[in-house]
Amino acid sequence: MVNLCQAWAEAWMVQHPKVNVAVTGGGSGAGLAALISGTCDLAASSRTMSQKEIALARAHGQEPQEWKVALDGIAVVVHPSNSVRQLTIEQLAHLFSGKIRNWKELGGEHAQVVLLSREVNSGTHVYFKEHVLSAIKDNGPAEFAPEALLLPSSQAIADEAASNSAAVGYYGMGYLNPKNAAVAIAKTPADPYISPTEETVRSGAYPISRPLLFYSRSAPHGAIKAFLDFVMSPEGQEIIRTVDFVPVR
Amino acid sequence: MWQRWRERFIEKTIAASGMFSIIVVILIFLFLLKEGLALFRTVPMTDFLGGDRWYPISEPPRFGVLPLILGSCVVTLGAIVLAVPVSIASALFISEIAAGWAKDALKTGIELLAAIPSVVLGFLGMAVLAPWIKYLFQLPTGLTALTGSIILALMAMPTIVSITEDALAAVPRGYREAALALGATRWQMMSRVLLPAARPGILAAVMLGIGRVIGETMAVMMVTGNAAVIPRSVLQPVRTMTATIAAEMGEAVRGSDHYFALFAIGIVLFAISFLLNAAADLFLHQERH
């Protein structure tokens, strides 16, 4: 999400050369903490503010406001020759935590599963762990199987999934390409299987998607309001596509 | 009078420059220690060095660095096994057999190999070598320790070849002539006289080659798959210490256990490199006497 904010800030500063927008990374928690302590004007977050954080902000005399500025859908991809094209969240959790080791167990070919994951510094890695792997809770927190290959970029996952017929990986849906096949995901076996597209992510039907949010301390005014208006404008929303997220409008 | 002052000034400046690198090394080491040892306030040393699970961002986190140390060792050992015979043979050829222009061409070629940026080698490994290894050994994935070893062997070769060649060149001419005069063939002369005479230099070359390989990061991160499991064969993905630091440092929160753990890995790496360099120095020293 840092890339997205950076792209917005750069485009906006071209139009408003007198205002300087500084973007800093560090994760959603770091941003919200900085907002509450008053060291930034806007916090970008890929999760909603917790009750604790809201209470803390109120204690500081703030009334935090939330904007849904973009959406992110995480696609699960396999090699195009793989016949397994539908998975439930629970199956995904078993797959990535190493309990399902052969594609045969999911109705595919007899081949050992090759897991592709992002490195732990990736927000996508953390999101996948907290929202997909957490579906199984039998003994302690679910972890990625230690055998999972941790690749340094989404592009590396796309490349490996394109060349390895037994691979399964995940990445922000902007990386989807004809050499990878996206798996349709269902929340439970009773729910419909949904493919990741801009429409299904926007409607909330696709199960592994999340809103990207902006928080301000109180009702925005001046340059902050102008920046938010730009983010929500057609031009600002178009920038979202260039960094592989889904516009809200 | 003026002359003396000037000379003294220049002398001191040169001495200070000489000291500078040592001071920098000491400062780096102290910084590593300060940041790395902080980990052991919360994580016992045995859990760190002996643990077999690396889950730095889980709740609770696991900082078992054993798979990473073994990963580095397997990749490095593989690279050395592949690089050393080829490098020594190539140094022998360059220094003893190749004549005039061939010698120059080979030397330049090997220096060029050292000039290829490691990312480029990593990219080649990913795009060409990994699919080939996957096909050859019928593996689930081509991103394995062996792939890393082959790429690293290419990186270690220039170091090993040039130092070995220097060591061979330093063997007195009389040794060769005496051996040949006693009726030895050229191969007998090389294998029984030259190589033993140049042994300390060759050992130093190998040590420096290992040092070059164990610290390499980018190419290894691209081709070894980075799975933190204790390696059971070279045809399996592994995660090295260097790749772990490079991949995770960017997002580790300053002052967190994860941040300290990465510095602690740095201490382990530093200690290994230091021992290797000291060993190489010892061998080179032996040669001089």
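The values are calculated or read from the model by the stated rules, or taken from the named source; none is laboratory data. Small disclaimer: the values here were computed from a predicted structure and weren't measured. Using ideal geometry, Cβ is built from the backbone for each residue, glycine included, and neighbour counts are taken over all protein chains shown. Each accessible area value is taken on the protein alone, full model and side chains, heavy atoms only, with ligands, DNA and RNA left out. Shrake-Rupley method; radii C 1.70, N 1.55, O 1.52, S 1.80 Å.
Listing for the model above:
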{"quantity": "Separation between Cα centres of region A:156-210 and region A:61-137, rounded to whole Å", "calculated": "9"}
{"quantity": "Partner chain coverage, peptide A:112-124 - average Cβ within 10 angstrom", "calculated": "4"}
{"quantity": "Those lysines that a straight Cα-Cα span of less than 20 Å connects to B:Lys134, excepting residues fewer than 8 apart in one chain", "calculated": "A:Lys179"}
{"quantity": "Charge dipole (debye, nearest 20) of the protein assembly as shown; +1 at Cβ of Lys and Arg, -1 at Cβ of Asp and Glu", "calculated": "780"}
{"quantity": "Diffusion constant of the protein assembly as shown at 37 °C, which comes from Stokes-Einstein with the Kirkwood Cα-pair radius and 0.692 mPa s, µm²/s", "calculated": "122"}
{"quantity": "Note, ³J(HN,Hα) from phi for region A:54-60, Karplus 6.51, -1.76, 1.60, rounded to Hz, x at Gly and Pro", "calculated": "5, 4, 5, 5, 5, 4, 8"}
{"quantity": "Anisotropy class of region A:72-203 from Cα gyration tensor, a/c 1.5 cut", "calculated": "rounded"}
{"quantity": "Distance between region A:5-35 and region B:232-289 - C-alpha centres, whole angstrom", "calculated": "36"}
{"quantity": "Cross-link partners of A:Lys68 among lysines (Cα-Cα below 27 Å; sequence separation of 8 or more within a chain)", "calculated": "A:Lys18, A:Lys52, A:Lys129, A:Lys187, A:Lys225"}
{"quantity": "Probe 1.4 Å, accessible area per residue of the protein assembly as shown, Å²", "calculated": "50"}
{"quantity": "Most to least accessible of A:Val246, B:Val234, A:Val21 (protein chains only, probe 1.4 Å)", "calculated": "B:Val234, A:Val21, A:Val246"}
{"quantity": "Value in Å of the Kirkwood radius, where chain A supplies the Cα pairs that are averaged", "calculated": "19.4"}
{"quantity": "Lys/Arg +1, Asp/Glu -1 at C-beta; region B:67-288 dipole; positive extreme among B:Pro231, B:Leu136, B:Pro67", "calculated": "B:Leu136"}
{"quantity": "Whole-number percent relative contact order across chain A, with pairs defined as alpha carbons under 8 Å at least 6 apart", "calculated": "31"}
{"quantity": "Nonlocal amide H pairs with B:Trp54, under 5 Å, H built at 1.01 Å", "calculated": "B:Gly64"}
{"quantity": "Alpha carbon centroid spacing (whole Å) that separates region B:1-53 from region B:88-116", "calculated": "37"}
{"quantity": "Binned Cα-Cα distance frequencies in region B:163-229 - 10 Å width, integer %", "calculated": "19, 32, 19, 16, 11, 3"}
{"quantity": "Whole-Hz ³J(HN,Hα) from phi, Karplus 6.51 cos²θ - 1.76 cosθ + 1.60, for region B:255-272, glycine and proline x", "calculated": "x, 8, 4, 4, 4, 5, 5, 5, 5, 5, 4, x, 4, 4, 4, 4, 4, 5"}
{"quantity": "Number of partner chain Cβ atoms within 10 Å, mean per residue of A:143-155", "calculated": "5"}
{"quantity": "Convex hull (Cα only) mean projected area of chain B, reported in nm² to one decimal", "calculated": "22.2"}
{"quantity": "Amide hydrogen neighbours beyond the local backbone of A:Val114, cut-off 5 Å, H modeled", "calculated": "A:Ala167, A:Val168"}
{"quantity": "For A:Leu71, distant residues with modelled amide H under 5 Å away", "calculated": "A:Leu212, A:Val246, A:Val248"}
{"quantity": "Local electrostatic count at A:Val77 - Lys and Arg +1, Asp and Glu -1, tallied over other residues with Cβ under 15 Å", "calculated": "0"}
{"quantity": "Longest site-free stretch - chain B; sites: trypsin sites (Lys or Arg not before Pro), DSSP loop, at most 11 other Cβ within 10 Å", "calculated": "B:1-231"}
{"quantity": "For region A:72-203: relative contact order, % (alpha-carbon pairs under 8 angstrom, 6 or more apart)", "calculated": "41"}
{"quantity": "Region B:67-288: relative contact order in percent, alpha carbon pairs under 8 Å with at least 6 residues between", "calculated": "30"}
{"quantity": "Ratio of the Cα radius of gyration of region B:2-41 to 2.2 N^0.38 Å, where N counts its residues", "calculated": "1.95"}
{"quantity": "Selected from A:His94, A:His221, A:His131 as most flexible by GNM, with chain A as the system and alpha-carbon contacts under 10 Å", "calculated": "A:His221"}
